[in-house]
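Please treat every number below as a calculation from the coordinates, not as lab data. Computed from a predicted model, the values in this text were never measured in an experiment. When we count neighbours, we look across all protein chains shown, and the Cβ atoms used for this are built from the backbone with ideal geometry, even at glycine.
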């Protein structure tokens, strides 16, 4: 079984063919929304950003939702241990009954504080060669938490999105919170509002980017940004299909699917699958055979919280992360020339 697939855009394939697997070709790392779908990729995250890319090499990291949490951990001074704490705390969530929004937020807060550890949020901004960028979405007209109004807003968003992706801006604003404004300053397509990522607003931004509408409350009035309620960054940028990726160096993208979708409301719209913006992107993706070998023959998802008893879910998710070591080993063998892998084209 070959556990890992490599998919690359045309320019990325050209450079890898000409120069080989040289980490210096890459200047960005991106991580998508997707709840627990990231767990098989956890060991690969660490192999890429704590062992393969040298610490002295500058990298911009961009994520939404749980992808943003992964990026935050990889910006920690002790990235390997911070990422492992994130993994452990994420799997350790417990919801015995349908939780309130406050319970979900408190669990997420516990995860964030486990990630940063004793060093605090300033630690995530202190590494000169690891620059963190997070996307959260301001929900227009939803300052108060009224489920009926929020449900109507989501239904309207879905309808507008069918007519054209830019129309979702009637309901949502994309906010990019950055430690600086270099690697992702001009994402394109949707209007992007910018704010500095600081020690004072870091916790709120991390919570906001992972706040799923109607399940989590979101965060109000984030310091340095416009007043309002901020929610999951995946609403506008589910799999980070951004025009800005066409510029600069190559982009590392460990991803749980062999395709990418622009926004959360594009999940059922196959015609919206990404490709044109991925000329410089290298996707590292679990193979179908690898996925079939996982417990339940699938990548974890949020439905596991409902369909599995807590003990069984946690056991399965631990098994998934252990299996994910195969992805890291396959990558490391490939870059050493021990086990070449074909580079497929991104469709």
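Tabulated data
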| quantity | calculated |
| --- | --- |
| Additional length obtainable on full extension of the chain from residue 55 to residue 315, 0.36 nm per residue less Cα span | 90.3 nm |
| Tilt relative to the chain, helix 101-116 - C-alpha long axis, 0 to 90 degrees, to 10 | 40 degrees |
| Neighbour-count order for 222, 235, fewest beta carbons within 10 angstrom listed first | 222, 235 |
| Cα gyration tensor shape for segment 81-212, rounded if a/c is under 1.5, else prolate or oblate | oblate |
| Beta bridges per DSSP with both ends in the chain, % antiparallel, nearest 5 | 40 percent |
| Helix axis angle, 325-335 relative to the chain longest principal axis, alpha carbon, degrees | 50 degrees |
| Relative packing of 40-52, 116-128, 22-34, which averages over residues the other C-beta atoms within 10 Å, highest first | 40-52, 22-34, 116-128 |
| Extended-chain gain in nm, criterion 0.36 nm per residue less alpha-carbon gap, residue 144 and residue 343 | 66.8 nm |
| Spacing of the two label points (7 Å from each Cα toward its C-beta) at residue 156 and residue 302, in nm | 2.1 nm |
| Relative contact order (%) - the chain, alpha-carbon pairs under 8 angstrom, separation at least six | 29 percent |
| Contact order normalised by residue count of segment 175-299, Cα under 8 Å, 6+ apart, percent | 19 percent |
| The chain: angle of helix 10-19 to the longest principal axis, Cα-based, in degrees nearest 10 | 40 degrees |
